[in-house]
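A short worksheet on the structure shown next.
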Amino acid sequence: MHLASEDTGVEKVAAPSVLATHHGLVRPLVAEDLERVAALFLTKFRRRRRHLLDRAIAETAEYMRKIYLDPARQPGESNALVQINPQGDLGGFLGVLKARYELNGTELNAAIIGPLMADTGTDHGSAGPQLLRAVHQGEFDLHLTDSANRVSLAFARPLKYQLLPVHCLGWTRIFRPAAVASAVVRGKWPGLSRFVFDPCAKAFDPFTRKRFEPSVQHASSHRVHREPMDAAQFAERLPTLMSDYALRPRWQDGELPRLLALAAEKRADGPLHFGGTYDEAGKMLGCYAFYGQAGGIANLLQIQASGSHWGATLDGLVADTWNMGCAGIIGQAQSRFMPQLFSYKNVFFRYAGGTMVRSRIPEVTEAVRSGDIFIGGLMGDRWTRLSSDDFGR
């Protein structure tokens, strides 16, 4: 199928490597930029004590090199962009990862947009719009993000991004309420949580076990069972569950195993685990990947199921995190399993970050409008260490 574009009759060409205006220039990220970009990132998104700053900059810069400049993943120039002001200083940065989608057999280039930041000391409000205009003039057929903050949402509205309201929600299933509170405090004040809140949580939570312990909600029969799997098995089986999406990823040449290996480097929520649900004949009904460890709050990376088996797959995820000793689980909402989430007790919803898509191709915008797109998780940037990890400790 040939996908029509609003630019019918005009040959698509790649954007120039450097785009200059009187506000400065935008160009691809290079290795020499990494330390300045890392320092700006830490200033905007992390609080770091001065004696840890140098170590944090070095670690952040090295991680950015891996995901934005690694030639094994992104041949040629980086897709991430920097804005340099007229004085030659770094004005802003836009993290961009290249991905592939397919729609009815046609391959599409996608830009996954991550951190967008400007240095308010050197920029006067032009860096953000200039960086977004530059990425929109590139070779990409669609642009997407699943982690836009409210400032980025304001930038994106005039640029005709489609907002996916359900995917903007995060959900939390609480197992041990006091332990959840302790885990949140631990992220900010580790010592205080360990000596004050953890003992209180251990004393309080046994009294709430009956109210918060999960029960099987959706499995159609006792013959549905769950099994652990490894990253290689997950990479092999996940694509088989995506066939009912019109707009879905096209991973090639070991891309998905490589992506999972990078995702496994994230540290904030514990190791990465994989599991699946199966029927009595051994046919896989769904699979999931989550970060988790005993006493912490598990963080769902990806869940996918076939047909009507979302409920059983969600049951398997909840059971695995409960048995691991997690205090609760958080995840990104998807329209396809919202009915199952609604049927659980002790599930809470919140705004977690803007999920948006932009494309000039009518068939793409229609697929997005109808919710027929696989997005979030591995097709986003929340799997990166930039989304949560505390660098330099």
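Residue count for region 143-165 satisfying the condition of being open to solvent by 30 Å² or more (accessible area, probe 1.4 Å) and at negative phi: 13. Total residues in region 334-353 satisfying the condition of being within 12 Å of the chain's Cα centre (by Cα) and surrounded by fewer than 21 Cβ atoms within 10 Å (Cβ to Cβ): the figure is 1.
Residues in region 362-383 that are over 18 Å from F234 (Cα atoms), open to solvent by less than 10 Å² (accessible area, probe 1.4 Å) and not in a helix (DSSP H, G or I): how many? So the answer is 1. Of all the residues in region 83-98, those that are more than 15 Å from A111 (Cβ to Cβ) and crowded, with 24+ Cβ neighbours inside 10 Å number 3.
Taking every residue in region 336-352 that is under 17 Å from F175 (Cβ atoms) and pairing it with any residue that is of a type in the set (S, T, Y) and at pLDDT 90 or above, at least 6 positions away or on another chain, the pairs with Cβ-Cβ distances below 6 Å are F348/T172.
Taking the conditions (1) modelled with pLDDT under 95; (2) open to solvent by less than 20 Å² (accessible area, probe 1.4 Å); (3) within 20 Å of the chain's Cα centre (by Cα) in turn, L301 satisfies each one other than (1). Once region 121-130 is narrowed to residues that are of a type outside the set (D, E) and under 13 Å from F93 (Cβ atoms), the residue that is surrounded by the most Cβ atoms within 10 Å (Cβ to Cβ) is A127. Here V357 does not qualify as in contact (Cβ under 8 Å) with a residue 40 or more places away in the chain, over 24 Å from V96 (Cβ atoms) and open to solvent by less than 40 Å² (accessible area, probe 1.4 Å).
Does S343 meet the test of being touching an Asp or Glu at 6+ places or on another chain (Cβ under 7 Å) and not aromatic (F, W, Y)? In short, no. In region 233-268, the residue that is most open to solvent (accessible area, probe 1.4 Å) out of those that are touching a residue at least 40 places away in the same chain (Cβ under 8 Å) and hydroxyl-bearing (S, T, Y) is T240. List the residue pairs whose Cβ atoms are under 6 Å apart, where the first residue sits in region 152-179 and is among the β-branched types (V, I, T), the second is assigned to a loop (DSSP other than H, G, I, E, B) and crowded, with 17+ Cβ neighbours inside 10 Å, and the two are 6 or more positions apart or on different chains. Within 6 Å, the pairs are V166/A333. F140 passes every criterion in (1) open to solvent by 30 Å² or more (accessible area, probe 1.4 Å); (2) without any contact (Cβ under 8 Å) to a residue 60 or more places away in the chain apart from (1). Is it the case that R133 is assigned to a helix (DSSP H, G or I) and surrounded by fewer than 14 Cβ atoms within 10 Å (Cβ to Cβ)? For R133, the condition - assigned to a helix (DSSP H, G or I) and surrounded by fewer than 14 Cβ atoms within 10 Å (Cβ to Cβ) - is not met.
The values are calculated or read from the model by the stated rules, or taken from the named source; none is laboratory data. Owing to the predicted nature of the structure, the values given are computational and were not obtained by experimental measurement. Glycine gets a Cβ as well: all are built from the backbone with ideal geometry, and neighbour counts include every protein chain shown. The area values use the complete protein model at the heavy-atom level, side chains included, leaving out ligands, DNA and RNA. Shrake-Rupley method; radii C 1.70, N 1.55, O 1.52, S 1.80 Å.
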